[in-house]
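For reference, the structure is listed below as structure tokens.
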Amino acid sequence: MDTNDTLLQREVEDALKSSRLLRTVDIRIDTHNGEVTLYGMVDVLAEKWRAAEIASQVPGVRAVDNSLTVAMDRPVDDREIAAMARERLAADPRVDLHRIAVRAEKGVVWLEGEAGTIAEAEAAKEQAAGVMGVKEVIVNIKIGAGEFARDDATLANAVETAFSRNPRVSPRNVKTLIDNGVVTLEGTVDTTGQIEEAVRTASQVPGVRKVTARLNARHGETSEDAHLTNALRRLLGQQGLGSVRGFVVKGTAFLDGLV
């Protein structure tokens, strides 16, 4: 393994430790030319997904092969899985369980019904994946249908209003195009963090069925910036500020998030 891969492996490990993921599960990491492979065992499907998400966000990572295995200490009855999934969804304020039906077959959870936002459907999927014994989650949720249906002009105004209320998104730099509830964002913003924030914000607007980002980041990333970004995020995690996203552009540190 060359020096760059060794450094990247350490930075992925640090990112996972900062999220406290490696403290509870057994994950091994291999890197080659910027491609990361995750091996080992996790307790639930949500941990497998989260590990890959964290690894993919480490600057310098080009691709992630998620070869993690979900441990099955004991067989879990489908009725028990469905009941636990309903309990988790009901406890999540982002989800309205009255509109989403839950069933389980051979360890596969099916979510069916309606959701007001993409974010709500994603939250339901996340909660179901956190149940012990779940092998897969299939989402068959209609987004932006029924009472949440909006015409494109109304959605465009709602998305642009959401951007204007978010200090981390500049609506002047983002053009919003909507076709049958599908939002496409175009333009140029300062950082990749702002691209992520624009997508997240649009996904929380009721009636939006899908978000596609065709945004460019004005500031590129050097290898030195990538190293400093990882060091910054490691420090934030050590200080209990894992919810704050940090990145470095041309030697200048930027912070996004709430404290």
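Of all residue pairs spaced 6 or more apart or on separate chains, those with beta-carbon atoms under 8 Å, a first member in segment 118-136 that is among the polar types (S, T, N, Q) and a second member that is buried (at least 19 other Cβ atoms within 10 Å of the Cβ) and part of a loop (DSSP other than H, G, I, E, B) are Gln127/Val95. Considering segment 171-259, the qualifying strands (runs of 3 or more DSSP E), each wholly inside and each with 3 or more residues that are crowded, with 16+ Cβ neighbours inside 10 Å and at pLDDT below 75, run over 245-249. Restricting Arg103, Arg168 to residues that are in a strand (DSSP E or B) and of a type in the set (D, E, K, R) narrows the list to Arg103.
Each row is one residue, and each column tells you yes or no for (1) in contact with a Phe, Trp or Tyr (Cβ under 9 Å, 6 or more places away or on another chain); (2) of a type in the set (Val, Ile, Thr).
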site	(1), (2)
Ala90	no, no
Gly113	no, no
Ile118	no, yes
Val131	no, yes
Ile138	yes, yes
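Looking at segment 123-159, which of its residues are of a type in the set (Asp, Glu) and either assigned to a strand (DSSP E or B) or touching a Pro at 6+ places or on another chain (Cβ under 7 Å) (or both)?
Correct list: Glu136 only.
Taking residues in segment 40-55 that are at positive phi, and partners anywhere that are surrounded by fewer than 17 Cβ atoms within 10 Å (Cβ to Cβ) and modelled with pLDDT of 90 or more, the pairs with Cβ atoms closer than 7 Å and at least 6 places apart or on different chains are Gly40/Arg28.
Is it the case that some residue within segment 71-82 is touching a strand residue (DSSP E or B) at 6+ places or on another chain (Cβ under 8 Å), surrounded by 20 or more Cβ atoms within 10 Å (Cβ to Cβ) and in contact (Cβ under 8 Å) with a residue 40 or more places away in the chain? So far as segment 71-82 goes, yes, one or more of its residues are touching a strand residue (DSSP E or B) at 6+ places or on another chain (Cβ under 8 Å), surrounded by 20 or more Cβ atoms within 10 Å (Cβ to Cβ) and in contact (Cβ under 8 Å) with a residue 40 or more places away in the chain.
If you go through segment 35-61 and keep only what is surrounded by fewer than 20 Cβ atoms within 10 Å (Cβ to Cβ) and of a type in the set (Lys, Arg), you end up with just Arg50.
The values are calculated or read from the model by the stated rules, or taken from the named source; none is laboratory data. Quick caveat: nothing in here was measured; it's all calculated off a predicted structure. Cβ atoms come from the backbone with ideal geometry, glycine included; neighbour counts cover every protein chain shown.
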